[in-house]
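Participant: So that we are looking at the same thing, I have put the structure below in structure tokens.
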Amino acid sequence: MPEEFGQKRSRPVVVTGVGIISPLGVGTEETWQSILNGRSGIAPITLFSANNYACRFAGEVKGFVPEDFIERKDVKKMGRFIQFAMAAAHYAITQAAIHVTPENAERVGVYVGSGVGAFEVIEREHSKLMSQGPSRVSPFFITASIANLAAGQISIQYGAKGPNLTCATAHDWSQWDRGSLPRHTAWRCGRNDLRRK
């Protein structure tokens, strides 16, 4: 294990921008206002027919328009989780007033946590494969669905050339992020400043 992992960091990690896309709202402010007003994000399922399921309610993100954050031609290349990540990054970067330039691009990185990736894309393309054959599978299947493409697309959008990481540990990635990311960054990247979504 690298020596840095056992040392106490003297430089704290500071969160300067927060981006939230949630069942309570699209955007950090809308989500926060929903919390303050005691609104629930739980409602009947609308993204698919839940008629045959015992549970017919969930916390869906409502009112999300991907074109507000992504060029229309690129929307089809991204699963919904990537679209959410792009929108959350927009809010976080705006709030933090981060400006990526050629001079600092290698010191700006992206870190995203995702439990599965774009499961809806995997399901859709598998159905096409089974019913219509391999020629009907989208050429964007892999890039729209794998977990690390959220961080990749954010890096491309903002020109970040520093560390680009994805953690896929289901519900507890934020705990891994808080505890391990600063040490991982120090060990692997030296003086890079890692910016999180």
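Participant: Restricting attention to region 144-166, which residues are surrounded by fewer than 18 Cβ atoms within 10 Å (Cβ to Cβ) and either polar (S, T, N, Q) or touching a residue at least 60 places away in the same chain (Cβ under 8 Å) (or both)?
Facilitator: Asn148, Asn164, listed by residue number.
Participant: Continuing with this model, one more query. Name the residue that is nearest to Phe140 (Cα to Cα), counting only residues in region 73-89 that are surrounded by 21 or more Cβ atoms within 10 Å (Cβ to Cβ) and not hydrophobic (A, V, I, L, M, F, W, C). Even if it seems obvious, please write down each step before you answer.
Facilitator: So the first thing to find is which residues in region 73-89 are surrounded by 21 or more Cβ atoms within 10 Å (Cβ to Cβ), and the list is 78-79, 81-89.
Okay, now just the ones that are also not hydrophobic (A, V, I, L, M, F, W, C), so 79, 83.
Working: Gly79: 10, Gln83: 14 Å.
The qualifying residue nearest to Phe140 (Cα to Cα) is Gly79.
Participant: If you go through region 150-163 one residue at a time, do you hit one that is farther than 26 Å from Lys76 by Cβ and modelled with pLDDT under 90?
Facilitator: Within region 150-163, one or more residues are farther than 26 Å from Lys76 by Cβ and modelled with pLDDT under 90.
Participant: Mind listing whichever residues of region 142-161 are in a helix (DSSP H, G or I) and either farther than 21 Å from Glu123 by Cβ or touching a Leu at 6+ places or on another chain (Cβ under 6 Å) (or both)?
Facilitator: The first filter runs over region 142-161 and keeps only residues in a helix (DSSP H, G or I), leaving 142-145, 149-158.
The answer is Thr143, Ala151, Gly152, Ile154, Ser155, Ile156, Gln157, Tyr158.
Participant: While we're on this one: Within 25 Å of Ile20 (Cβ to Cβ), at pLDDT 90 or above and either more than 14 Å from the chain's Cα centre (by Cα) or among the charged types (D, E, K, R) (or both): which single residue out of Val108, Val121 fits that description?
Facilitator: Working: Val108 fails: at pLDDT 90 or above.
Every option except Val121 fails the conditions.
Participant: OK, next. What's the number of the only condition in (1) at pLDDT 95 or above; (2) surrounded by 13 or more Cβ atoms within 10 Å (Cβ to Cβ) that Gln132 fails to meet?
Facilitator: Among (1) at pLDDT 95 or above; (2) surrounded by 13 or more Cβ atoms within 10 Å (Cβ to Cβ), the lone unmet condition for Gln132 is (2).
Participant: Do any helices (runs of 4 or more DSSP H) lying entirely in region 6-99 carry at least 1 residues that are of a type in the set (A, V, I, L, M) and touching a residue at least 12 places away in the same chain (Cβ under 8 Å), and which ones are they?
Facilitator: Working: elements: 28-36, 72-75, 80-96.
It comes to 80-96.
The values are calculated or read from the model by the stated rules, or taken from the named source; none is laboratory data. Values in this document were obtained by computation on a predicted structure and should not be read as measured data. Positions of Cβ are generated from backbone atoms using ideal geometry, with glycine treated the same way; all protein chains shown enter the neighbour counts.
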